[in-house]
Amino acid sequence: MIDFYIKVGVYFISFILSLFGLNALDFNRFIKQGKISQAQVLYFILACALAYLLGSFIMAIMYRFY
């Protein structure tokens, strides 16, 4: 059960870090006029994908040395 909470914590922290990292990019240059809601969906999907990749990487390292 504690394993589940560790995974959730790692993925949540990874999501926060991916949102923080994506803030460094200027998405306004890539967004068409009037397509704000679609850009927000893309931003969320990118954050989720980065969080999954980072979380999986951290979990693989943790289980390798645990």
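No lab work stands behind these numbers, since they all come straight from the coordinates. Computed from a predicted structure; not experimentally measured. Note that we place each Cβ from the backbone using ideal geometry, even for glycine, and neighbour counts take in every protein chain shown.
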- Task: Being under 14 Å from Gly9 (Cα atoms), buried (at least 17 other Cβ atoms within 10 Å of the Cβ) and among the hydrophobic types (A, V, I, L, M, F, W, C) is the filter here, so list the residues in the range 42-58 that pass it.
- Result: Ala51, Leu54
- Query: Limited to the range 1-37, what total is found for residues that are assigned to a loop (DSSP other than H, G, I, E, B) and small (Gly, Ala, Ser)?
  - Reply: 2
